[in-house]
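Asks: A single structure is presented below for examination.
The values are calculated or read from the model by the stated rules, or taken from the named source; none is laboratory data. Everything quoted here is computed from the prediction, not taken from an experiment. Neighbour counts run over all protein chains shown; Cβ positions are idealised from the backbone, glycine included. Protein only, heavy atoms only, side chains kept; ligands, DNA and RNA dropped before computing areas. Shrake-Rupley method; radii C 1.70, N 1.55, O 1.52, S 1.80 Å.
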Amino acid sequence: MISRRIFTTALGLGLGATALPSGAHAAAPAPTVPSSTPGTRTGFTDLKRVRAGVLDIGYAELGPQHGPVVICLHGWPYDIHSFIDVAPLLADAGHRVIVPYLRGHGTTTFRSPTTPRNAQQSAIALDILALMDALKIRRAVLAGFDWGSRTADIIAALWPERVKALVSVSGYLITNVPSQQNPLPPKAEHTWWYQYYFATDRGRLAMETRQNRHDLCRLVWDEVSPTWDFDDATFERTAASFDNPDYAAIVIHNYRWRLGLADGERRYDHYEQLLAARPEITVPTITLDPALDPFLPSTDGSAYRRFFTGAYEHRVLPGIGHNAPQEAPAAFARAVLDADRLTTVRG
């Protein structure tokens with residue numbers, strides 16, 4: 001889910017849902033994105049695994065082997081099926097599309113039983129860099145939401161040479177742990193109920209219990225996507241990835257680490273120090289704000305605009321909740337294709 005600090009900043013500004021002037025434009029018309037009815041596809045046919053860093057990463061791949069690469073990154077409590085309708089649209093436009101399971105999800109597993117089940121933000125970002133290296137991908141368009149946005153933002157900020165362009169739902173989501181210590185307004189705190197639940201042993205036990213885990217994640221889906229009319233089968237396809245043996249440990253550590261309640265690993269200290277400085281993102285970027293996402297008190301992007309200093313556009317997705325790619329696949333795919341063509345207009 002998105003950063004609590006960005007949520008607070010936007011709440012204080014009291015902003016409306018209008019797009020910002022971008023200072024950027026599309027260099028050339030992008031391929032047409034056909035209309036897509038969400039939910040018509042049910043699975044990926046080409047599932048693979050590759051050794052990458054501390055993980056064996058499971059991923060779906062679509063499109064031509066030598067096409068320009070797009071890596072789509074999911075959030076919590078979701079999985080690669082968030083891109084089930086997006087990926088074919090991008091593949092049909094000539095892109096090689098990679099959709100990995102993040103650590104602790106689906107078929108992605110740790111190579112060693114002794115590796116800490118650590119889900120701090122820089123560790124997840126380095127997983128994706130390791131995946132790119134394993135697949136010999138020098139540069140890619142990164143597109144994500146929720147944990148996926150954060151991961152893509154981090155790579156774009158710290159390793160911009162690896163990122164051709166960025167699509168980030170909810171904007172700049174890099175976590176600053178010290179800033180997380182201050183309480184939010186009560187209404188905002190209520191939205192984050194599961195984060196505080198996970199800080200307790202009761203919440204940990206719930207995530208370790210299959211039925212409780214299943215029902216909790218289903219409740220989050222219902223709450224954060226209020227108009228998405230998904231069926232039980234759609235949820236169950238994603239819920240299967242929650243049965244990964246490391247899922248509970250990864251989820252609990254992620255949220256506890258963000259609140260300063262769990263330690264990270266020393267090997268990542270250098271990256272976290274860089275991220276604590278709130279680095280700017282210079283790569284061409286399109287940010288997307290779903291209008292019905294309860295984590296966004298406003299959708300004009302002003303709360304995070306200053307962090308994006310390259311070619312930039314901001315778009316609002318009317319009537320869409322938190323799971324933007326699965327709820328609005330054509331609009332998400334359109335943003336990816338347009339981000340790939342952004343050029344900076346210098347005044």
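Asks: What number of residues in the stretch 72-103 are touching a Pro at 6+ places or on another chain (Cβ under 6 Å) and of a type in the set (Phe, Trp, Tyr)?
Replies: Qualifying residue count, the stretch 72-103: 1.
Asks: For residues that are more than 17 Å from Thr309 (Cβ to Cβ) and among the hydroxyl-bearing types (Ser, Thr, Tyr), scanning just the stretch 123-180, find the one that is surrounded by the fewest Cβ atoms within 10 Å (Cβ to Cβ).
Replies: Ser179
Asks: What pairs come up if the first residue lies in the stretch 236-253 and is over 28 Å from Arg41 (Cβ atoms), the second is open to solvent by less than 30 Å² (accessible area, probe 1.4 Å) and in a helix (DSSP H, G or I), and their beta carbons are under 7 Å apart, counting only those six or more places apart or on different chains?
Replies: Short answer, once both residue conditions are applied: Ala248/Met207; Ala248/Arg213; Ile252/Phe198; Ile252/Met207.
Asks: Could you look through the stretch 305-347, keep only residues that are modelled with pLDDT under 95 and assigned to a loop (DSSP other than H, G, I, E, B), and pick out the one that is nearest to the chain's Cα centre (by Cα)?
Replies: Checking each candidate, the answer is Asp340.
Asks: Quick check, is Arg4 at pLDDT below 50 and within 23 Å of Asn323 (Cβ to Cβ)?
Replies: Details: at pLDDT below 50: yes; within 23 Å of Asn323 (Cβ to Cβ): yes.
Against the criterion (at pLDDT below 50 and within 23 Å of Asn323 (Cβ to Cβ)), Arg4 qualifies.
Asks: Identify, by number, the condition in (1) in contact (Cβ under 8 Å) with a residue 12 or more places away in the chain; (2) small (Gly, Ala, Ser); (3) open to solvent by 20 Å² or more (accessible area, probe 1.4 Å) that Ala324 doesn't meet.
Replies: (3)
Asks: Let me ask you something else. Based on what the data block shows, is Pro294 in contact with a helix residue (DSSP H, G or I) (Cβ under 8 Å, 6 or more places away or on another chain) and within 25 Å of Pro38 (Cα to Cα)?
Replies: Values: in contact with a helix residue (DSSP H, G or I) (Cβ under 8 Å, 6 or more places away or on another chain): yes; within 25 Å of Pro38 (Cα to Cα): yes.
So Pro294 fits the description; yes.
Asks: Among the residues of the stretch 243-295, write down those that are among the hydroxyl-bearing types (Ser, Thr, Tyr) and closer than 21 Å to Ser179 by Cβ. Outline the logic, then answer.
Replies: Let us first name the residues in the stretch 243-295 that are among the hydroxyl-bearing types (Ser, Thr, Tyr), namely 247, 255, 268, 271, 282, 285, 287.
Hits for the stretch 243-295 are Tyr255, Tyr268, Tyr271, Thr287.
Asks: Considering only residues that are in contact (Cβ under 8 Å) with a residue 60 or more places away in the chain, in a loop (DSSP other than H, G, I, E, B) and either aromatic (Phe, Trp, Tyr) or farther than 21 Å from Ala233 by Cβ (or both), which ones fall in the stretch 43-57? Give the steps one after another, and end with the answer.
Replies: Within the stretch 43-57, the subset in contact (Cβ under 8 Å) with a residue 60 or more places away in the chain is 43, 47, 50-55, 57.
Okay, now just the ones that are also in a loop (DSSP other than H, G, I, E, B), so 43, 53-54.
Answer for the stretch 43-57, where residues must be in contact (Cβ under 8 Å) with a residue 60 or more places away in the chain, in a loop (DSSP other than H, G, I, E, B) and either aromatic (Phe, Trp, Tyr) or farther than 21 Å from Ala233 by Cβ (or both): Gly53, Val54.
Asks: A further question follows. How many residues, within the stretch 156-191, are more than 25 Å from Ala130 (Cβ to Cβ), over 17 Å from the mean Cα position of the chain (by Cα) and outside any helix (DSSP H, G or I)?
Replies: 4
Asks: Taking the stretch 91-118 as the search range and keeping residues that are touching a Lys or Arg at 6+ places or on another chain (Cβ under 9 Å) and of a type outside the set (Val, Ile, Thr), which one is most open to solvent (accessible area, probe 1.4 Å)?
Replies: Filtering first and then ranking leaves Arg111.
Asks: Still on this structure: Might you check whether a residue that is open to solvent by 30 Å² or more (accessible area, probe 1.4 Å) and under 17 Å from the mean Cα position of the chain (by Cα) occurs anywhere in the stretch 266-274?
Replies: For the stretch 266-274, residues open to solvent by 30 Å² or more (accessible area, probe 1.4 Å) and under 17 Å from the mean Cα position of the chain (by Cα): absent.
Table: residues versus (1) without any contact (Cβ under 8 Å) to a residue 12 or more places away in the chain; (2) touching a Gly at 6+ places or on another chain (Cβ under 9 Å).
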| site | (1), (2) |
| --- | --- |
| Glu189 | yes, no |
| Trp193 | yes, no |
| Phe198 | no, no |
| Arg204 | no, no |
| Met207 | no, no |
| His214 | no, no |
| Phe230 | no, yes |
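Asks: Something else about it: Find the residue count for the stretch 301-317, including only residues that are farther than 23 Å from Arg341 by Cβ and either in contact with a Leu (Cβ under 6 Å, 6 or more places away or on another chain) or open to solvent by 20 Å² or more (accessible area, probe 1.4 Å) (or both).
Replies: 2
Asks: Kindly provide the set of residues from the stretch 104-155 that are farther than 14 Å from Val70 by Cα, among the charged types (D, E, K, R) and not in a helix (DSSP H, G or I), ordered by number.
Replies: Within the stretch 104-155, Arg111, Arg117, Asp146 qualify.
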